[in-house]
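*Asks:* The structure under discussion is supplied below as structure tokens; questions concerning it will follow.
The values are calculated or read from the model by the stated rules, or taken from the named source; none is laboratory data. This one's a predicted model, so the numbers in the text were calculated from it and none came from an experiment. Backbone-built Cβ (ideal geometry, glycine too); neighbour counts: all protein chains shown.
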Amino acid sequence: MNLSKNKSLILLHIIILIWGFTGILGKLIELESDIIVWNRMLIAFIGLFIINILRKGVKKIKITEFLKYSLIGLLIAIHWVFFFESIKLSTVSLALICLSTISLFTAILEPIIQKKSILIHEILLSLLVITGVIIVFNYETPYQKAVLFSVLSAFFAALFTVLNHQLIQAKHNALTITTWEMFGGAMGITIYLIINNKINQSILPYGLDILYILILSLICTAFAFYASIEVMKKITPFTVNLSVNLEPIYAIILAIICFGEEEKMSNEFYWGAGIILSSILINTIIKHKKNNFRSKI
């Protein structure tokens, strides 16, 4: 995939739109959340495995690396289960906005795991995120359980993101990492389903769910990940981060188009959502300015 900078930027926004569509599919698919994640990760693993073969062949990895990837894959699986459950209990808009609290958890977890100094501006902006979540939680009382699930989803998303960043910094191949993470997550969910006696015919999609699961697994997961790696070779991290912040907005617009009145929330929800998204945008801009300043020194 040889892309120019302009084509890469267009593809980046297509990828973000695809990621935003994940929540729509979670709402449309009638299967339970854990079953959705099991299908998603298993099919995504198969898709990524094929991509590996077509590119350079499947690389051998050490057993210690495999265990690391599998553990992170399990964290991804837990993140997705909470995320889809939040959507099923509420709306796509609410789940995506509360998922944006990933910035709060990243600001806390990154210094602890990577042994870095705590950045004051990230903590202050995280307090703004908490304020936005509290507003949403207090005014969307029918969906309080969904808010909690989405925030838990954000915690696990932040955890696996920080751990993944460590692996990539250690020059592990990103495509190989994700392939085996999908495998590890699928196996983890399989064990969970066996323990809970849920391995039966009902774990397989049927009707339109077959199409939705294939789109979710192959396009929203395998293709989007592979394409995002190629895009990041041409576009600066700041442009990528700034653009990714548009995902909740894209998702809300898509949800309103698909579900109409079902996605309508209280005015207070949009105030809370605005506070959360603004804090994320400000944090991205501050990081960009700091990086520019360091590069000039």
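*Asks:* If the requirement is being in contact with a Phe, Trp or Tyr (Cβ under 6 Å, 6 or more places away or on another chain) and at pLDDT 80 or above, which of these qualifies: Phe137, Phe156, Phe149?
*Replies:* When all the criteria are applied, what remains is Phe149.
*Asks:* Also, I was wondering about something else. Does Lys7 qualify as being without any contact (Cβ under 8 Å) to a residue 12 or more places away in the chain, part of a loop (DSSP other than H, G, I, E, B) and farther than 29 Å from Ile282 by Cβ?
*Replies:* No.
*Asks:* Here's something else I'd like to know. From Thr106, Thr131, grab the single residue that is at pLDDT below 85, among the β-branched types (Val, Ile, Thr) and part of a helix (DSSP H, G or I).
*Replies:* On inspection, the qualifying residue turns out to be Thr106.
*Asks:* Would you point out the residue of segment 138-161, among those that are surrounded by fewer than 18 Cβ atoms within 10 Å (Cβ to Cβ) and touching a helix residue (DSSP H, G or I) at 6+ places or on another chain (Cβ under 7 Å), that is farthest from Lys116 (Cα to Cα)?
*Replies:* Among residues in segment 138-161 that are surrounded by fewer than 18 Cβ atoms within 10 Å (Cβ to Cβ) and touching a helix residue (DSSP H, G or I) at 6+ places or on another chain (Cβ under 7 Å), the one farthest from Lys116 (Cα to Cα) is Tyr139.
*Asks:* State which residue is surrounded by the fewest Cβ atoms within 10 Å (Cβ to Cβ) when the search covers only segment 204-253 and only residues that are at pLDDT below 80 and of a type in the set (D, E, K, R).
*Replies:* Among those that are at pLDDT below 80 and of a type in the set (D, E, K, R), it is Lys233.
Listed here are the residues, each with its yes/no results for (1) in contact with a helix residue (DSSP H, G or I) (Cβ under 6 Å, 6 or more places away or on another chain); (2) within 25 Å of Cys258 (Cα to Cα); (3) in contact (Cβ under 8 Å) with a residue 12 or more places away in the chain; (4) crowded, with 22+ Cβ neighbours inside 10 Å.
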site: Ile18; (1), (2), (3), (4): yes, yes, yes, no
site: Leu25; (1), (2), (3), (4): yes, yes, yes, yes
site: Leu28; (1), (2), (3), (4): yes, yes, yes, no
site: Ile35; (1), (2), (3), (4): yes, yes, yes, yes
site: Asn39; (1), (2), (3), (4): yes, yes, yes, yes
site: Ile53; (1), (2), (3), (4): no, no, no, no
site: Leu67; (1), (2), (3), (4): no, no, no, no
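*Asks:* Here's something else I'd like to know. Among the residues of segment 144-167, count how many are farther than 16 Å from Gly73 by Cβ and of a type in the set (Phe, Trp, Tyr).
*Replies:* Result for segment 144-167: 2.
*Asks:* Okay, moving on. Got at least one residue in segment 77-93 being part of a helix (DSSP H, G or I) and modelled with pLDDT under 90?
*Replies:* Within segment 77-93 (the criterion being part of a helix (DSSP H, G or I) and modelled with pLDDT under 90), the answer is yes, since at least one residue qualifies.
*Asks:* Being surrounded by 14 or more Cβ atoms within 10 Å (Cβ to Cβ) and within 16 Å of Ala146 (Cβ to Cβ) is the filter here; which residues of segment 263-289 pass it?
*Replies:* The answer is Glu263, Met265, Phe269, Gly272, Ala273, Ile276.
*Asks:* I would also like to ask the following. For Leu3, which of the numbered conditions (1) at pLDDT below 90; (2) under 17 Å from the mean Cα position of the chain (by Cα); (3) of a type outside the set (S, T, N, Q); (4) over 20 Å from Leu218 (Cα atoms) fails to hold?
*Replies:* The failed condition is (2).
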